[in-house]
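K.L.:
What follows is a single structure, and I will ask about it in a moment.
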């Protein structure tokens, strides 16, 4: 048995792309300038291979000899220590043992296809650096080259000569004497066991076992902790809350149920026979009607905590996880597009200002984008919509929202596991990865989280999931199973626990296929290893199911049986390791009781700088270049947004395919022209003023983005994703409840149902400075995702200006609402009124815009959001490569008269700019009807944007190239 | 002549199979999706088909390198099957990952003495990019490209830079008319094809390569993503065209047999 190392370098004359990228990052992050570096990728191959065979693998499998050269030698051989660039410091970076290494797995199979014998493969990356001081080298490795959460670093020669993974596990039943513990003991058990349960919850469990007259096993405690975790049960928001604000006190038995769910119930009731919701807040994703044959499903999840520790892996498994939601909805939906929204600290944050344990935001952003890219693209699911928000409060807690839309035949939209069915694990194997993800996501991050919770961080293997997807759709259509769900947070424990809730289940943990030896029964039970689904397969269908899987090389294993006992029984090689009643597991949790207080901050007036001191051209350029507004083309192009062949409106639109579209439109059924519009809305800055108006504005924004491309406003379904700080604080929870009340009010008023949602609480980061605890809490971050329907995609419109001479209309009222605006942000101003939504006008506006788009009266339509009118017109102009002449005199205003700055930059809701051909103006005005609107200008032949005040003064006069460059340059990475 | 049957080969990680099948259907062909394992079990399977298409995706995750593992599988087990298929005057089309697989398998270009003749390696930009490109055809005899002078199609890849082993190889392929599809300037300019018009830095701006018979074609752009007029990124500006650019390639393939 020999351990070969195969190193692959660029051939002479070929670019070293990896080294170049590292040097650029090192410079951008302030770690080292002009870094001299060479990079290689390598493979460690262990097996019965002679030199000739190792050379053959290097030549025919691992390297591309047109552009690469190899070094092949047994580990330890001096050849491997020969520097290609004369630089002496050699750094190896390898995945830690047990971390998913998909390339190594594929390589192992590929070697077998050569008829050669290898038993283990590991990938590595090699870097050759100059004679750097140890301190610089250590900063480079820890901050850029490697991530300690998943990777190991070896400086100098590799100190081993063989690879080993896992050793045999000896069964040892662990009982925990929970009955005898006092409160301190219970608290300690919860924390040290990473159960993250409250004392009251621990006491409830203690009492349960006291009544049973026995101690708990570790598997039992873990099962309860997973099921009762915030992640799985949403106990805070679905709990009892006493809420107080300026309108008095309200008591909720179940806050979510009485606000957001209740709104949907009322809408469905009001719609009666026209109800187009199919399943809401029940399954893994919400389901609504699409056409005569299909329903569509939609879910958005967050993966914040893992992404903070390992951005690539966190985002990678975030998108991988949310894809499994539609796949595990009903009898399995086909994923048809992704949406991804991220919140980061500014990427130019100085490296020396980072608290310990925090990764640089630039690295976080690059890692997150790469993680989503590599998983989404490999799955063959177009990523069509997204957004980025920047605020320094996301430094310790970046937010990663990943969403997926799926298509499902109408008759496959529900499921029912049957007693007697096999419990089948499908897809990836179980390993030690991802242990305690569900409970970990309930914990506050600290500078020590990295070392404490590394096991909760994972890398995905998209191809395993793609193979599972292919199998599921085939097996679904052949009727080979009776129910399916995803293995997400909590692993088998949650999946089997949920599926068997109404029946009972017996699980044989020793049957689960493992990645390597050494896992205890409890680790098997709670592992969150990726790419696994759990199915309920009737015994008479098993042979067909198993053979289908075998034909495509997907592993399917019977790990238990649904039995009508009402109990969850776990066995390991015949030994009982857990026996819990489903009732205690699912209904035994004591209700969480919380207080919530909302006190609106006093409205401070916003004092505008003296008119003479402000150059509005410069202000406009600054807003266009502010990170929330700036072009996201660098991100968008890295995502395949057209795979599956249904792309109608792409995320980038306009004469050069680079303008910011409002919403993406896809045709999920290629033979049909019916489409879906996907968009989102989010305004973290408004939350600093009033979370009610923040939430209302986010809903309005998501809706108007959809409506702007042609979606029917009466057929938009929305999702809520609350990411908040520490909700044990009544003020923090109060700001969330207030947002939920807005969700209820707006949904009911718009007849726009929430169909699913998710929350991620306790997004705070604490660290110490001079012994003092410092805490950064994220701003209230409510993402609203919208899925609209388009009857005929050939009627869709985009936001780029189309033809000189056409009229430009502004629809909607512009009010004194500069609070939280991007104008305030770039001018460093405080105070002002936060934008509100006039629900009645908004609803009429959406309907009017739709009525105008449908008959073809509108050539371009753009919603007004960040940066207000000036930014919207500028974007329309440079996207279309056409100028615009605008006069502010006619802009429809609210009751209070607005100044020029307000008219230009106010972020008042429910507004659109429409380009209308001259001959369509009467039709357009007829369609818009009584909704406030005015003709404010025209598309011009000149390459300039001109905006004139009512007194005739030119406030904005700028050429399109300058505007576009300001918008494109900040994130042109 | 009955409707030509199209074998669309899928493997772990293939992901453009459905829309490629749809494109062949629109063109009048009869596509079927066949898993590589079925083919490995029964290598005679392709004899019942007229067209073999390797669609886009990430076969085996593109682990190690794009198309490498599946390319090797074909080399090890299906060399004869594909040689027979070509010999019988049938058509082979590789799109994106399919092109990478054809290159890795030696099906498209025979190996040089010292190894593969050419490769598709990492884009100069070092990353995956999805963007639309102008294409110009440059082959007299490529069946798929008959009657097509230019096309506007999207590319979506990380490893699409065409590099030959040496200048002689490049000259030979060029001279033989095998460099059938080139990236062309978007603005119609004549001074070169700078990035991103040539999205990956390919030698001679090569986007697609055919074999000497013109019946085997591999290309990086995705014709199946431009078979409906609403696929065009600027249809809302320029109006819906009567026929989308990519469809003609599929019609040529299907028509090749109808014309016989």
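K.L.:
I'm told residue A:221 meets every condition in (1) more than 30 Å from residue A:298 (Cβ to Cβ); (2) assigned to a loop (DSSP other than H, G, I, E, B) except one. Can you identify the failing condition by its number?
P.N.:
(2)
K.L.:
Which one is nearest to the other protein chains (Cβ to nearest Cβ), of the residues in region A:65-76 that are within 27 Å of residue A:21 (Cα to Cα), in contact with a helix residue (DSSP H, G or I) (Cβ under 7 Å, 6 or more places away or on another chain) and at pLDDT 95 or above?
P.N.:
Looking at residues that are within 27 Å of residue A:21 (Cα to Cα), in contact with a helix residue (DSSP H, G or I) (Cβ under 7 Å, 6 or more places away or on another chain) and at pLDDT 95 or above, I get A:70.
K.L.:
Which of (1) over 30 Å from residue B:88 (Cα atoms); (2) within 12 Å of chain A (Cβ to nearest Cβ) is the odd one out, the single condition residue B:193 does not satisfy?
P.N.:
(2)
K.L.:
Still on this structure, I have one more. May I ask you to list the residues in region B:199-237 that are more than 15 Å from the chain's Cα centre (by Cα), in contact (Cβ under 8 Å) with a residue 60 or more places away in the chain and under 22 Å from residue B:159 (Cβ atoms)?
P.N.:
Within region B:199-237, B:199, B:200, B:201 qualify.
K.L.:
Select the helices (runs of 4 or more DSSP H) contained entirely in region B:1-107, then report the ones holding at least 1 residues which are surrounded by 24 or more Cβ atoms within 10 Å (Cβ to Cβ) and more than 14 Å from every other protein chain (Cβ to nearest Cβ).
P.N.:
In region B:1-107, the matching helices (runs of 4 or more DSSP H) lie at B:97-105.
To keep it simple, each residue is scored yes or no on (1) farther than 19 Å from residue A:652 by Cα; (2) crowded, with 24+ Cβ neighbours inside 10 Å.
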{"residue": "A:869", "(1), (2)": "yes, yes"}
{"residue": "A:876", "(1), (2)": "no, yes"}
{"residue": "A:881", "(1), (2)": "no, no"}
{"residue": "A:889", "(1), (2)": "yes, no"}
{"residue": "A:899", "(1), (2)": "yes, no"}
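K.L.:
Now for a different question. Give me a count of the residues in region B:175-187 that are away from chain A (no Cβ under 14 Å) and not in a strand (DSSP E or B).
P.N.:
Within region B:175-187, residues that are away from chain A (no Cβ under 14 Å) and not in a strand (DSSP E or B) number 6.
K.L.:
Is it true that some residue in region A:492-503 is touching a strand residue (DSSP E or B) at 6+ places or on another chain (Cβ under 6 Å) and part of a strand (DSSP E or B)?
P.N.:
no
K.L.:
Let me ask something else about it. Kindly provide the set of residues from region B:110-152 that are more than 10 Å from chain A (Cβ to nearest Cβ) and in a strand (DSSP E or B), ordered by number.
P.N.:
Matches in region B:110-152: B:133, B:134, B:135, B:136, B:137, B:150, B:151, B:152.
K.L.:
Can I ask one more? Can you pull out the helices (runs of 4 or more DSSP H) entirely within region A:295-380 that have at least 3 residues that are free of Cβ contacts under 8 Å to residues at least 60 places away in the same chain and in contact with a strand residue (DSSP E or B) (Cβ under 8 Å, 6 or more places away or on another chain)?
P.N.:
Qualifying helices (runs of 4 or more DSSP H): A:361-379.
K.L.:
Here's another thing I want to ask about it. Examine region A:652-663 for a residue that is closer than 21 Å to residue A:374 by Cα, at the interface with chain B (Cβ under 10 Å from one of its Cβ atoms) and modelled with pLDDT of 95 or more, and state whether such a residue exists.
P.N.:
yes
K.L.:
Does residue B:230 fit the bill of being outside any loop (DSSP other than H, G, I, E, B), within 14 Å of another protein chain (Cβ to nearest Cβ), under 21 Å from residue B:26 (Cα atoms) and in contact with a strand residue (DSSP E or B) (Cβ under 7 Å, 6 or more places away or on another chain)?
P.N.:
yes
K.L.:
Of all residues in region B:160-174, which are in contact (Cβ under 8 Å) with a residue 12 or more places away in the chain, away from chain A (no Cβ under 11 Å) and surrounded by fewer than 20 Cβ atoms within 10 Å (Cβ to Cβ)?
P.N.:
Residues satisfying the conditions are B:170, B:174.
K.L.:
Right, something else. Of the residues that sit in region A:48-64 and are part of a helix (DSSP H, G or I) and more than 14 Å from chain B (Cβ to nearest Cβ), which one is farthest from residue B:106 (Cα to Cα)?
P.N.:
A:51
K.L.:
Further, regarding this structure: Can you pull out every residue in region A:796-842 that is surrounded by fewer than 19 Cβ atoms within 10 Å (Cβ to Cβ) and within 14 Å of chain B (Cβ to nearest Cβ)?
P.N.:
A:803, A:804
K.L.:
Yes or no: region A:571-594 includes at least one residue that is loosely packed, with under 12 Cβ neighbours inside 10 Å, more than 14 Å from chain B (Cβ to nearest Cβ) and over 34 Å from the mean Cα position of the chain (by Cα).
P.N.:
yes
K.L.:
Still on this structure, I have one more. Considering every residue within region A:18-35, establish whether at least one is over 34 Å from the mean Cα position of the chain (by Cα) and either assigned by TED's automatic domain parsing to the domain that holds residue A:144 or farther than 26 Å from residue A:157 by Cβ (or both).
P.N.:
Within region A:18-35 (the criterion being over 34 Å from the mean Cα position of the chain (by Cα) and either assigned by TED's automatic domain parsing to the domain that holds residue A:144 or farther than 26 Å from residue A:157 by Cβ (or both)), the answer is yes, since at least one residue qualifies.
K.L.:
Follow-up question, since we're still on this one. Just give me the residues in region A:387-423 being more than 30 Å from residue A:625 (Cα to Cα) and part of a loop (DSSP other than H, G, I, E, B), in sequence order.
P.N.:
Once the filter is applied, which keeps residues that are more than 30 Å from residue A:625 (Cα to Cα) and part of a loop (DSSP other than H, G, I, E, B), region A:387-423 yields A:413, A:414, A:415, A:416, A:417, A:418, A:419, A:420, A:421.
K.L.:
Quick one: which residue in A:744, A:704, A:667, A:674 is buried (at least 23 other Cβ atoms within 10 Å of the Cβ) and more than 21 Å from the chain's Cα centre (by Cα)?
P.N.:
Only one candidate passes the filter, namely A:704.
K.L.:
Sort through A:746, A:670, A:761 and tell me the only one that's more than 24 Å from residue A:860 (Cβ to Cβ) and within 14 Å of chain B (Cβ to nearest Cβ).
P.N.:
The unique qualifying residue is A:670.
K.L.:
Go through region A:88-144 and report how many residues are more than 14 Å from chain B (Cβ to nearest Cβ), part of a loop (DSSP other than H, G, I, E, B) and farther than 22 Å from residue A:462 by Cα.
P.N.:
Of the residues in region A:88-144, 6 are more than 14 Å from chain B (Cβ to nearest Cβ), part of a loop (DSSP other than H, G, I, E, B) and farther than 22 Å from residue A:462 by Cα.
K.L.:
If you don't mind, another one. Has region A:599-619 got any residue that is touching a strand residue (DSSP E or B) at 6+ places or on another chain (Cβ under 9 Å) and surrounded by 23 or more Cβ atoms within 10 Å (Cβ to Cβ)?
P.N.:
Within region A:599-619, not a single residue is touching a strand residue (DSSP E or B) at 6+ places or on another chain (Cβ under 9 Å) and surrounded by 23 or more Cβ atoms within 10 Å (Cβ to Cβ).
K.L.:
So how many residues does region B:216-225 have that are more than 9 Å from chain A (Cβ to nearest Cβ) and outside any helix (DSSP H, G or I)?
P.N.:
6
K.L.:
If you don't mind, there's one more thing I want to ask. Can you tell me which residues in region B:28-55 are touching a strand residue (DSSP E or B) at 6+ places or on another chain (Cβ under 9 Å) and within 14 Å of residue B:250 (Cβ to Cβ)?
P.N.:
If the condition is that a residue be touching a strand residue (DSSP E or B) at 6+ places or on another chain (Cβ under 9 Å) and within 14 Å of residue B:250 (Cβ to Cβ), then B:29, B:30, B:31, B:50, B:51, B:52, B:53, B:55 are the ones that fit.
K.L.:
Still on this structure: If you scan region A:544-565, which residues turn out to be within 11 Å of chain B (Cβ to nearest Cβ) and either more than 15 Å from residue A:469 (Cβ to Cβ) or not in a loop (DSSP other than H, G, I, E, B) (or both)?
P.N.:
A:548, A:550, A:551
K.L.:
How do the pairs read when you match residues in region B:14-37 that are closer than 15 Å to residue B:92 by Cα with residues anywhere that are in a strand (DSSP E or B) and at pLDDT below 95, using Cβ under 8 Å and keeping only pairs 6 or more apart or on different chains?
P.N.:
Qualifying pairs under 8 Å: none.
For (1) farther than 23 Å from residue B:20 by Cβ; (2) at the interface with another protein chain (Cβ under 10 Å from one of its Cβ atoms), each residue gets a yes or a no:
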{"site": "B:158", "(1), (2)": "no, yes"}
{"site": "B:197", "(1), (2)": "yes, no"}
{"site": "B:211", "(1), (2)": "no, no"}
{"site": "B:237", "(1), (2)": "yes, yes"}
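The values are calculated or read from the model by the stated rules, or taken from the named source; none is laboratory data. Because the structure is a prediction, the values reported are computed rather than measured. In this analysis, Cβ positions are derived from the backbone assuming ideal geometry, glycine residues included, and neighbour counts consider all displayed protein chains.
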